[in-house]
Amino acid sequence: MKTKNDFDFGKWLSDRAEKPATKTVNFSELTKKEKVETLLSLLGKTETDFKDTQILGTEPRIFSECSAIAKNAVLIKECQAAIDEKRAPNLPKETDLVEVPVKTSFPVASLIAKINFLIELYKKPVDTVTVDLPCGPDWVAGLVAYCKGLEPETGPKK
């Protein structure tokens, strides 16, 4: 017996099929994960294409807890900035939080490090992007085929 609270999957699928399969949005409105996925798509790559890639990112750490190499990198960066800006260096205190350069593999890098790396690879401004939505006739047909245990283009599974 159907009640008014029953969900009408047929209507839902019909509504999804009528909606556009893509949408243009501001890149800044995407989540970090969506930004990574979008940039990978724009580059025609997947995360596995970068599984052996080392990227340089930064990580916040308390200055006193940094290694000697990390401390030197922070001091060199600050002194260089001070020279460029013609000012006295603002050297960190032991309790200050500093951005330390960290080299890591792409798969385990932070989302921000991945975004920065991919934007640098893309070499074009990314203001607005077109993203795929779970909508449109092709998406609905693929969903229905998946639910029926069929391959969308090849028919039933063997």
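The values are calculated or read from the model by the stated rules, or taken from the named source; none is laboratory data. It should be emphasised that the depicted structure is a prediction, and the values quoted were computed from it without experimental measurement. Positions of Cβ are backbone-derived with ideal geometry, glycine not excepted, and every protein chain shown enters the neighbour counts.
Quick notes
- Any hit, region 1-13, residues being under 29 Å from residue 126 (Cβ atoms), touching a residue at least 12 places away in the same chain (Cβ under 8 Å) and surrounded by 11 or more Cβ atoms within 10 Å (Cβ to Cβ): no
- Residues of region 101-120 that are farther than 14 Å from residue 59 by Cβ and either modelled with pLDDT under 85 or surrounded by 13 or more Cβ atoms within 10 Å (Cβ to Cβ) (or both): 106, 115, 117, 118, 119.
- Residue selected from region 29-40 under the condition without any contact (Cβ under 8 Å) to a residue 40 or more places away in the chain and outside any loop (DSSP other than H, G, I, E, B), by the criterion farthest from residue 105 (Cα to Cα): 29
- Of the helices (runs of 4 or more DSSP H) contained entirely in region 42-155, those carrying at least 3 residues that are in contact with a helix residue (DSSP H, G or I) (Cβ under 6 Å, 6 or more places away or on another chain), in contact (Cβ under 8 Å) with a residue 60 or more places away in the chain and of a type in the set (A, V, I, L, M) fall at 111-122.
- Residue within region 21-38 that is hydroxyl-bearing (Ser, Thr, Tyr), closer than 24 Å to residue 121 by Cα, under 13 Å from the mean Cα position of the chain (by Cα) and surrounded by fewer than 12 Cβ atoms within 10 Å (Cβ to Cβ) present: yes
- Any chance residue 34 is touching a strand residue (DSSP E or B) at 6+ places or on another chain (Cβ under 8 Å) and not basic (Lys, Arg): yes
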